[in-house]
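The values are calculated or read from the model by the stated rules, or taken from the named source; none is laboratory data. Remember, it's a predicted structure, so these values are computed and weren't measured experimentally. Glycine gets a Cβ as well: all are built from the backbone with ideal geometry, and neighbour counts include every protein chain shown. Calculation scope for accessible area: heavy atoms of the full protein, side chains included, ligands and nucleic acids excluded. Shrake-Rupley method; radii C 1.70, N 1.55, O 1.52, S 1.80 Å.
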Amino acid sequence: MWTRRISWIGPGRGVGTVSLIIVLTWAGTACAVIPTGNKPIAVADARKGNPLGDPYARVIAMPPKDGWSPEKVVTGFRAAMASPDDPEREIARRYLTDAFAKQWNPKGDVTVYEHGEYEKFSSVQEDEGKARVTLKGDITAYIGQDGRYKPSGGPLNMPFSLVKGPNGWRISGGPEGLVLSESDVDHGYRPVDLYFLDSEWKGLVIDQVRVPIDPTANSAKTAVERLLQGPSSLLKGAVKTAFEPDTKLIDVTTEDNRVIIDLNKRVASDLIGPMAAQLAGTLSTLTKGGWGFRVEVNGESYYSDSSLQIEAQEQSAFDHWMTPRDIAPFYMSDGGLRLLTSEKIGQPVPGRAGEKDETRTYPAISDEKPARVAALSKGGKSISVASISAGGEWQEWATGESLTPPSWDRYDTLWTVNRPNDHTSVVIRHDRYNRQQYRVTAPELDTVYVKSLKIARDGVHVAVVVKDGAEEQVKIGTVVGQGSATRIDNLQSVVQGKAIKDIAWNDGKSLYVLTEKSELLEASVAAEAKPLPPDPRIQSITALDGSLLAGAKDDGKLQILYRTSAKWEELVKDEAGKPDFVENGPTSPVYPLG
């Protein structure tokens with residue numbers, strides 16, 4: 001553990017320093033910081049820190065001083081808002097007038113910004129005991145009360161009104177809730193992946209949230225408490241949980257390299273497996289996958305005659321898409337579907353799909369055994385499906401005026417979008433089991449042109465490329481309901497202002513986006529899209545758990561590329577064992593449910 005005193009220097013003219021104490025400590029351990037004179041002393045408890053407690057930077061804010069200028073008061077208030085060691089923000093309230101303190105709500109939505117500085121001209125206007133200080137910057141995100149992190153944009157123009165009283169300047173008007181810099185959020189919040197269940201109780205769905213650091217609890221306890229509160233607004237109605245609404249967490253401790261989770265009540269007997277997967281997944285980042293778990297109820301064994309033990313990787317045993325293994329990609333070559341072998345040589349798949357056929361394109365592979373391939377006709381007016389097995393024949397499943405390339409979900413349901421004109425889109429799902437075709441309610445897509453739709457492997461997240469006039473966007477939302485009651489909801493823009501060529505889910509959290517200018521981005525609902533190494537030859541993409549493949553064209557010749565940590569390399573070998581670009585070569589790579 002280290003301690004140091006720093007000065008918070010607010011940008012802008014005439015801004016003085018405001019003392020803070022920052023200490024690197026571990027959540028859930030007793031570590032105090034005692035300011036004595038000019039040098040803080042850290043006093044640590046004799047206990048060892050809980051191994052599940054990540055270190056965090058304690059920010060102990062100071063109350064306002066009588067002689068501070070208006071800018072110093074605002075700077076001190078900003079520092080106090082950022083203190084996780086004062087979760088009720090009692091110090092921050094001391095910067096406010098009594099009236100404004102009653103209105104201010106630090107438990108509401110959080111505004112996140114960067115490049116914060118005070119307005120350079122007329123930053124402070126003092127007149128008869130009144131002043132005004134304006135904080136300028138760029139808004140980067142909002143954090144909801146449920147922890148949902150929504151990247152955003154736009155200017156920050158935050159005025160603070162101050163009045164001078166007997167004890168100096170106090171803020172009489174300002175933001176309704178917390179306003180934090182990106183650095184403040186990094187120090188005061190933890191990104192947590194909460195694991196919930198899909199609509200059929202068979203798969204896991206990750207909900208990415210930010211959880212405020214609680215200095216009185218270890219990281220595992222904070223994560224489980226948030227899990228018990230249910231999903232964020234993004235997944236509300238789209239996922240399930242094994243826990244009853246009144247389930248409470250008593251404590252999370254460790255013993256003999258196991259995490260002990262003590263609840264106040266049991267789950268239904270048929271939901272013990274799903275509960276175990278939810279807990280193991282939610283805590284997997286903290287335990288690094290190496291710690292097992294034991295669930296207790298009110299301090300006693302879960303069962304009357306034995307304990308409930310959970311393996312460290314239970315989430316992967318419950319849902320194989322959490323850590324997919326030994327899944328080979330498919331691709332098209334000379335009009336037929338090929339399966340890439342471990343020797344990086346393509347083999348024609350059995351059935352009609354493996355035969356030469358120049359009338360179909362954009363293959364999509366299901367997850368069933370044997371798998372099925374769906375493909376779009378060259379004219380875009382029909383989608384046919386064939387079993388990848390001996391004797392598998394093409395069957396027409398969907399027709400329309402103009403269909404998007406097909407996408408399978410984990411329930412072997414086929415998805416596409418019909419575009420009767422440039423400003424109308426009808427989302428369609430085709431149920432394999434009863435051969436029923438349903439129109440999916442998607443009000444946000446009805447009056448735009450959908451270029452592409454891809455269902456994530458968790459069966460809940462959905463990505464769409466939409467064109468509204470001249471502008472294109474990539475949006476991520478959720479699939480809610482089943483059968484004729486299915487709808488697409490909660491669409492959130494993750495990439496804007498770029499012409500999009502292709503999209504591909506990596507996992508249930510991140511989406512790769514290929515632009516028409518061959519830019520490659522990794523997008524998510526919980527972070528700004530970040531660029532990846534591009535390659536101007538790339539025409540299409542597919543991905544699976546970090547493996548990113550691309551169909552590429554170079555001077556009219558074709559090849560599949562795969563991304564290494566440093567560059568793109570040729571993947572598929574020809575009969576001579578060379579991975580060269582060739583005419584009528586490999587193209588359109590696709591992973592199952594890709």
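Restrict the check to region 533-543 and report whether at least one residue is without any contact (Cβ under 8 Å) to a residue 24 or more places away in the chain, open to solvent by 20 Å² or more (accessible area, probe 1.4 Å) and not aliphatic (A, V, I, L, M).
Initially, region 533-543 is screened for residues without any contact (Cβ under 8 Å) to a residue 24 or more places away in the chain, giving 534, 536.
Okay, now just the ones that are also open to solvent by 20 Å² or more (accessible area, probe 1.4 Å), so 534, 536.
Within this subset, residues satisfying the condition of being not aliphatic (A, V, I, L, M) are 534, 536.
Yes, there is a match, as at least one residue in region 533-543 is without any contact (Cβ under 8 Å) to a residue 24 or more places away in the chain, open to solvent by 20 Å² or more (accessible area, probe 1.4 Å) and not aliphatic (A, V, I, L, M).
Of everything in region 368-398, what is hydroxyl-bearing (S, T, Y) and either in a strand (DSSP E or B) or surrounded by 21 or more Cβ atoms within 10 Å (Cβ to Cβ) (or both)? Give them in sequence order.
If we filter region 368-398 for residues that are hydroxyl-bearing (S, T, Y), which is where we start, we get 377, 382, 384, 387, 389.
Selection gives S377, S382, S384, S387.
I'm trying to understand the selection: among the residues of region 90-108, which are modelled with pLDDT of 95 or more and either closer than 14 Å to E182 by Cα or assigned to a loop (DSSP other than H, G, I, E, B) (or both)?
R94, Y95, T97, W104, N105, P106
Give the residue that is modelled with the highest pLDDT, with candidates limited to residues of region 558-594 that are of a type in the set (K, R) and either open to solvent by less than 50 Å² (accessible area, probe 1.4 Å) or farther than 30 Å from V464 by Cβ (or both).
Step one: filter region 558-594 for residues of a type in the set (K, R), giving 563, 567, 573, 578.
Applying the additional criterion that residues be either open to solvent by less than 50 Å² (accessible area, probe 1.4 Å) or farther than 30 Å from V464 by Cβ (or both) yields 567, 573, 578.
Working: K567: 89, K573: 94, K578: 91.
Here the residue is K573.
Out of L337, L283, which single residue is surrounded by 22 or more Cβ atoms within 10 Å (Cβ to Cβ) and not assigned by TED's automatic domain parsing to the domain that holds L228? So that I can check it myself, show each step before the final result.
Numbers: L283 fails: not assigned by TED's automatic domain parsing to the domain that holds L228.
That would be L337, the only listed residue that is surrounded by 22 or more Cβ atoms within 10 Å (Cβ to Cβ) and not assigned by TED's automatic domain parsing to the domain that holds L228.
From A223, A238, A242, which residue is surrounded by 23 or more Cβ atoms within 10 Å (Cβ to Cβ) and in contact with a helix residue (DSSP H, G or I) (Cβ under 7 Å, 6 or more places away or on another chain)?
A223
Can you report the number of residues in region 292-306 which are open to solvent by 30 Å² or more (accessible area, probe 1.4 Å) and in a strand (DSSP E or B)?
Quick first cut of region 292-306, residues open to solvent by 30 Å² or more (accessible area, probe 1.4 Å) only: 294, 296, 298-301, 303-306.
Within this subset, residues satisfying the condition of being in a strand (DSSP E or B) are 294, 296, 300-301.
Result for region 292-306: 4.
Would you call K150 touching a residue at least 40 places away in the same chain (Cβ under 8 Å), under 26 Å from A529 (Cβ atoms) and open to solvent by 60 Å² or more (accessible area, probe 1.4 Å)?
Details: touching a residue at least 40 places away in the same chain (Cβ under 8 Å): yes; under 26 Å from A529 (Cβ atoms): yes; open to solvent by 60 Å² or more (accessible area, probe 1.4 Å): yes.
The answer is yes for K150.
Tell me which strands (runs of 3 or more DSSP E) are completely within region 491-594 and hold 1 or more residues being closer than 25 Å to Y411 by Cβ, or say none if there are none.
On the way: elements: 500-505, 511-515, 520-524, 527-532, 538-544, 547-554, 557-563, 568-570, 587-590.
So the answer is 500-505, 511-515, 520-524, 538-544, 547-554, 587-590.
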